[in-house]
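A quick write-up on the structure given underneath.
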Amino acid sequence: DTEVTQTPKHLVMGMTNKKSLKCEQHMGHRAMYWYKQKAKKPPELMFVYSYEKLSINESVPSRFSPECPNSSLLNLHLHALQPEDSALYLCASSPLLRQRREEKLFFGSGTQLSVL
Amino acid sequence: AQTVTQSQPEMSVQEAETVTLSCTYDTSESDYYLFWYKQPPSRQMILVIRQEAYKQQNATENRFSVNFQKAAKSFSLKISDSQLGDAAMYFCAYRSVPIQGAQKLVFGQGTRLTINP
C-alpha cells in the first residue's frame, strides 16, 4: 500500500461550522504534512508532524487545529473558518530523513474545501 | 529564506516533441535538494525527478531529465517525446536540511503544460 488517503474529497461548510479533514497512510512513515493550495497557486506548508509530535507550524491561524493521534492518521480540525480559507488541502507523508536522504513525499489527492 | 521562481506560467508542445521548463532558485545554502513535481487534474502531486546539489551529474528518469547549473542557481526540466499524459501543472521545489527529520519544500509558482495532439 503506497497511498495516502484523504477524506472527504469535497467539503462545504459555513463559517460557524466545525469540521475535520482526515488523512491516513499505512506505509510506516513517521512524518506527516498538511499543505494548503489556493487555486492556480503552489502548495504552502501548514504543519508537519514528526513521530506524532508537531515539529513545524508555519504560523497558521488557530482556527486550524492539527492532530496526529497515531503514526498512521493525521487530522485537521476546522472551526470558524473564513471564505478566504477555501482551498485544496493536501496531506503528505514521508519517512523521516535520519539515515536516508533521498526519500520523497507521498501526497494524497486532497480535500477541496469551500467555506460559505 | 529560499525562493523558487518559474517564469513560464504556461507552455505548450506538440505530442512527441521536446519541451523545457525553466526554474531558478535563490539560496545561501550549499546542501540542498531540488525537485520537479507534476500535478495532473487528479490533484495528486507526483514526483517527476530530483537532484542533489552536491552531485554534478544531471538526473534523468526515462523521458525526463534536468539541466542543473548550481552556480547559476538554475534547474530546468526537459521532457522528451512528450505524451498526452504529461499534461499537468509542473512545480519546481527546493528542500534544504531536514527539520527534525521532516522535509520542508518550497515550491515555485508552477508551469501549466499543455500537450497538443
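On inspection, A:Phe47 passes the criterion of being at pLDDT 95 or above, of a type in the set (Phe, Trp, Tyr) and surrounded by 20 or more Cβ atoms within 10 Å (Cβ to Cβ).
What strands (runs of 3 or more DSSP E), lying completely within chain A, carry at least 2 residues that are under 21 Å from B:Ile49 (Cα atoms)? Spell out how you get there, then give the answer.
Numbers: elements: A:4-7, A:10-13, A:18-25, A:31-37, A:44-50, A:53-57, A:64-70, A:73-79, A:87-94, A:111-115.
Per the criteria, A:31-37, A:44-50, A:87-94.
In the stretch A:80-94, the condition of being within 13 Å of chain B (Cβ to nearest Cβ) and in contact with a His (Cβ under 8 Å, 6 or more places away or on another chain) is met by at least one residue. Assuming B:Asn62 fulfils every condition listed in (1) of a type in the set (S, T, N, Q); (2) closer than 22 Å to B:Thr3 by Cα; (3) surrounded by fewer than 18 Cβ atoms within 10 Å (Cβ to Cβ) apart from one, which condition is it? Status for B:Asn62: all satisfied but (2).
Return yes when B:Lys78 is under 12 Å from the mean Cα position of the chain (by Cα), of a type outside the set (S, T, N, Q) and surrounded by fewer than 21 Cβ atoms within 10 Å (Cβ to Cβ) and no when it is not.
Numbers: under 12 Å from the mean Cα position of the chain (by Cα): yes; of a type outside the set (S, T, N, Q): yes; surrounded by fewer than 21 Cβ atoms within 10 Å (Cβ to Cβ): yes.
Criteria met by B:Lys78.
Every listed requirement among (1) away from chain B (no Cβ under 11 Å); (2) among the small types (Gly, Ala, Ser); (3) in contact (Cβ under 8 Å) with a residue 60 or more places away in the chain; (4) in contact with a strand residue (DSSP E or B) (Cβ under 9 Å, 6 or more places away or on another chain) is met by A:Ser20 save one, (3). Within the stretch B:93-106, residues that are under 20 Å from B:Ile46 (Cα atoms) reach partners that are of a type in the set (Val, Ile, Thr) and assigned to a loop (DSSP other than H, G, I, E, B) with beta carbons closer than 7 Å, at six or more positions or on different chains, in the pairs B:Tyr94/B:Thr27. Has the stretch A:98-111 got any residue that is within 14 Å of chain B (Cβ to nearest Cβ), surrounded by 20 or more Cβ atoms within 10 Å (Cβ to Cβ) and either touching a Pro at 6+ places or on another chain (Cβ under 7 Å) or of a type in the set (Val, Ile, Thr) (or both)? Among the residues of the stretch A:98-111, at least one is within 14 Å of chain B (Cβ to nearest Cβ), surrounded by 20 or more Cβ atoms within 10 Å (Cβ to Cβ) and either touching a Pro at 6+ places or on another chain (Cβ under 7 Å) or of a type in the set (Val, Ile, Thr) (or both), which makes the answer yes. Got at least one residue in the stretch B:56-63 being within 13 Å of the chain's Cα centre (by Cα), of a type outside the set (Val, Ile, Thr) and within 25 Å of A:Tyr35 (Cβ to Cβ)? Yes, the stretch B:56-63 contains a residue that is within 13 Å of the chain's Cα centre (by Cα), of a type outside the set (Val, Ile, Thr) and within 25 Å of A:Tyr35 (Cβ to Cβ). Inspect all residues belonging to the stretch B:62-76 and state whether any of them is under 30 Å from A:Gln6 (Cα atoms) and among the hydrophobic types (A, V, I, L, M, F, W, C). For the stretch B:62-76, residues under 30 Å from A:Gln6 (Cα atoms) and among the hydrophobic types (A, V, I, L, M, F, W, C): present.
Tell me which residues, restricted to the stretch A:69-93, are farther than 16 Å from A:Met13 by Cα and crowded, with 19+ Cβ neighbours inside 10 Å. Listed by number, the residues that qualify are A:Leu74, A:Leu90, A:Cys91, A:Ala92, A:Ser93.
The values are calculated or read from the model by the stated rules, or taken from the named source; none is laboratory data. None of the values given here were measured: they were computed from a predicted structure. Backbone-built Cβ (ideal geometry, glycine too); neighbour counts: all protein chains shown.
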